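Only the coordinates and a few stated rules stand behind these numbers; no lab work does. Everything numeric here is computed off the predicted structure, so don't read it as measured data. Cβ placement follows ideal geometry from the backbone for every residue including glycine, while neighbour counts extend to all protein chains displayed.
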Amino acid sequence: MNYWLMKSEPETFGIDALAARPRRTTHWDGVRNFQARNFMRDQMRIGDLAFFYHSNCEEPGIVGIVKVVKEGYPDDSAFDRKDKHYDAESDPNKPRWYMVDVQLQRKLKAPITLATLREHSNGALRGMLLLKRGNRLSITPVSAAHWRFILDLA
DNA sequence: GCCAACGTTGGC
DNA sequence: GCCAACGTTGGC
């Protein structure tokens with residue numbers, strides 16, 4: 001059982017949009033970064049939990065918890081010419097991009113802001129990838145210890 | 001294989 | 001809107 005952190009821009013797809021989906025479930029499509037793809041394709045397992053993180057917004061932070069309900073499979077938005085994330089290099093017979101399905105477990109009563117997380121960047125959350133300078137990776141693994149500590153903050 | 005140019009991310 | 005950091009691309 002692994003833990004993750006998945007970023008999404010609330011203006012594009014926020015936690016309330018996820019909550020409004022049938023079965024509160026969505027395809028995590030549109031990821032166009034090889035490292036993040038590898039996590040989805042090779043490492044994320046059904047039952048894994050992830051923090052849902054709002055990025056590039058007024059108050060960046062963790063806003064909820066989601067569960068992986070379908071393991072890596074081809075991201076078909078890459079095959080759709082009309083899609084924003086279309087990629088001519090991705091061949092349906094040899095897909096370049098993958099996605100997983102996640103289901104909302106719960107929305108936090110109050111977000112755990114990036115500022116709050118940073119307060120612990122030299123303590124309990126030392127080494128957390130999200131807090132590393134310049135980190136832009138949209139999916140990062142979270143250690144069990146970090147996961148528990150953050151849950152206690154919630 | 002190097003590396004400059006470019007596009008994107010994301011905090012502020 | 002700015003800009004630093006980073007991944008990717010492509011010329012050589």
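Ranking A:LEU125, A:TRP4, A:GLY14 by how far each Cα lies toward the positive end of the dipole of chain A (charges on Cβ) leaves A:LEU125 at the top. Potential lengthening of the chain between A:ASP42 and A:LEU114 amounts to 23.1 nm, from the contour at 0.36 nm per residue minus the alpha-carbon distance.
According to the Cα gyration tensor, what semi-axes, each the square root of 5 times an eigenvalue, does the equivalent ellipsoid of the stretch A:1-148 have, listed from largest to smallest in whole Å?
26, 17, 15
Taking a virtual spin label 7 Å from the Cα of A:ARG148 along the C-beta vector, which residues in the stretch A:15-55 bring their backbone nitrogen under 18 Å of it? Within reach of a label on A:ARG148: A:49-51.
Rounded to whole Å, the principal axis extents of the Cα atoms in the stretch A:69-154 read 46, 29, 22, largest first. Among residues other than A:GLY47 with Cβ under 12 Å from its Cβ, the summed charge is +1 (Lys and Arg +1, Asp and Glu -1).
Only bridges with both residues in the stretch A:1-114 count here: give the DSSP antiparallel percent, nearest 5. Around 75 percent antiparallel, to the nearest 5. Put a dot 7 Å past the Cα of A:ARG32, heading toward its Cβ, do the same for A:LYS84, and the two dots end up 1.1 nm apart. Among A:SER90, A:SER138, A:SER55, whose mean-square fluctuation peaks in a Gaussian network model of chain A (Cα, cutoff 10 Å)? Maximum fluctuation in the GNM of chain A, among the listed residues, is at A:SER90.
Relative to the dominant Cα principal axis of chain A, helix A:144-153 is inclined by about 60°.
About the Cα centre of chain A, what is the dipole size in debye to 20, counting +1 per Lys and Arg Cβ and -1 per Asp and Glu Cβ, all else neutral?
That gives chain A a dipole magnitude of about 340 debye.
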